[in-house]
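Visitor: Before we start, here is the structure in question, set down as structure tokens.
A short reminder: the numbers here are calculations on the coordinates, not readings from a lab. Predicted model only: the values in this text are computed from it and were never measured. Cβ: placed from backbone, ideal geometry, glycine included. Neighbour counts: every protein chain shown.
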Ligand code: TIU
């Protein structure tokens with residue numbers, strides 16, 4: 001079984017490739033392209049695009065190594081029975097979850113905007129988790145898939161750093177999974193929140209996990 005050491009903060013981490021999954025959180029058109037949910041909340045969606053190429057490079061290397069790759073998509077059922085009022089009533093009422101936008105109904109499963117961006121589209125066989133919440137564990141089959149595959153450690157990428165990435169890492173941390181976060185594979189509409197979000201993960205001896213970058217993971221995978 002191949003074990004690699006990856007340089008990270010607060011310290012290097014050693015992982016077994018067969019027990020590690022790459023999790024790509026919510027790299028969806030609704031968050032990364034104009035006209036979707038991210039923009040409806042008043043955000044500049046261009047701020048997230050820097051994460052696309054590092055994620056792409058990591059996915060390519062992970063596929064070559066045969067790592068388990070799991071994608072998530074935030075979104076709701078067409079009847080919105082899984083969308084809490086407290087979540088729906090955010091932002092401009094004309095462009096809220098479920099309203100019609102240029103990419104279909106905003107953040108509704110099956111609509112073009114809710115799907116993953118073409119640059120990072122899942123390959124056949126890679127699990128795609130549709131989640132109604134911020135975290136990947138809440139009301140999904142995510143943990144069952146991790147358990148069925150003997151996964152102990154997660155490499156978590158995606159958007160946004162302080163919302164869905166952070167929530168998933170916190171949920172994973174409480175369940176005993178070690179999380180390694182390549183900061184350049186994540187992004188936020190607020191660069192300050194991105195930086196502080198990463199600092200929060202690795203603070204206090206790695207209270208929620210480890211922080212690295214795509215280059216250090218690629219170097220370890222190639223070594
Ligand atoms: N608004 C925001 O920063 N994020 C979300 O609503 N969802 C995710 O982070 N995926």
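Visitor: Given N residues in the range 183-223, what is its alpha carbon radius of gyration divided by 2.2 N^0.38 Å?
Guide: On the way: Rg = 11.6 Å, N = 41, 2.2 N^0.38 = 9.0 Å.
So the Cα radius of gyration is 1.29 times the expected 2.2 N^0.38 Å.
Visitor: Subtract the Cα-Cα distance of residue 145 and residue 46 from 0.36 nm times their separation in residues, and report this length gain in nm to one decimal.
Guide: Values: separation 99, 0.36 × 99 = 35.64 nm, distance 3.23 nm.
Between residue 145 and residue 46, full extension yields 32.4 nm more.
Visitor: For labels at residue 64 and residue 82 in the simple 7 Å Cα→Cβ model, what's the distance in nm?
Guide: 3.6 nm
Visitor: Order these peptides, 40-51, 82-93, 98-109, by their mean beta-carbon neighbour count within 10 angstrom, highest first.
Guide: 98-109, 40-51, 82-93
Visitor: Still on this structure, I have one more. Please list 207-216, 154-163 highest first by mean number of surrounding beta-carbon atoms within 10 Å per residue. Let's see the in-between values first.
Guide: Details: 207-216: 19.1, 154-163: 25.4.
Most protected by this proxy first, the peptides run 154-163, 207-216.
Visitor: While we're looking at this one, here's another question. Compute the angle between helix 191-206 and the longest alpha-carbon principal axis of the chain, please, reported from 0 to 90 degrees and rounded to the nearest 10.
Guide: The answer is roughly 40 degrees.
Visitor: If you don't mind, there's one more thing I want to ask. Using a Förster radius of 45 Å, what is the FRET efficiency between residue 193 and residue 124 based on their Cβ-Cβ separation? Nearest 0.05, please. Walk me through the intermediate numbers first.
Guide: On the way: r = 35 Å, r/R0 = 0.78.
The computed FRET efficiency comes out at 0.80.
Visitor: Could you give the length gained by full extension between residue 175 and residue 12, i.e. 0.36 nm per residue of separation minus their alpha carbon distance, to one decimal place? List each step's numbers first, then the result.
Guide: Values: separation 163, 0.36 × 163 = 58.68 nm, distance 2.14 nm.
Length gained, residue 175 through residue 12: 56.5 nm.
Visitor: Normalise the Debye intensity by I(0) for the range 21-64, one equal point scatterer per Cα, no solvent, then take log10 at q = 0.16, 0.17 Å⁻¹ and round to two decimals.
Guide: -0.47, -0.52
Visitor: Give me P(r) over the range 102-223, computed from all C-alpha to C-alpha distances, binned every 10 Å, as integer percentages.
Guide: So the P(r) values, bin by bin, are 12, 39, 38, 10, 1.
Visitor: Relative contact order of the chain, please, whole-number percent, based on alpha carbon pairs below 8 angstrom and at least 6 residues apart.
Guide: Values: 459 pairs, mean separation 60.4, N = 223.
After rounding, I find 27 percent.
Visitor: OK, next. I need the Debye-formula profile for the range 1-106: one equal scatterer per C-alpha, no solvent, reported as log10 I(q)/I(0) at q = 0.16, 0.17, 0.22, 0.24 1/Å, two decimals.
Guide: Rounded to two decimals, the profile gives -0.84, -0.89, -1.15, -1.29.
Visitor: Sorted from largest down, what three extents in whole angstroms do the Cα atoms of the chain have along their principal axes?
Guide: Principal axes ranked by extent give 51, 35, 30 Å for the Cα atoms.
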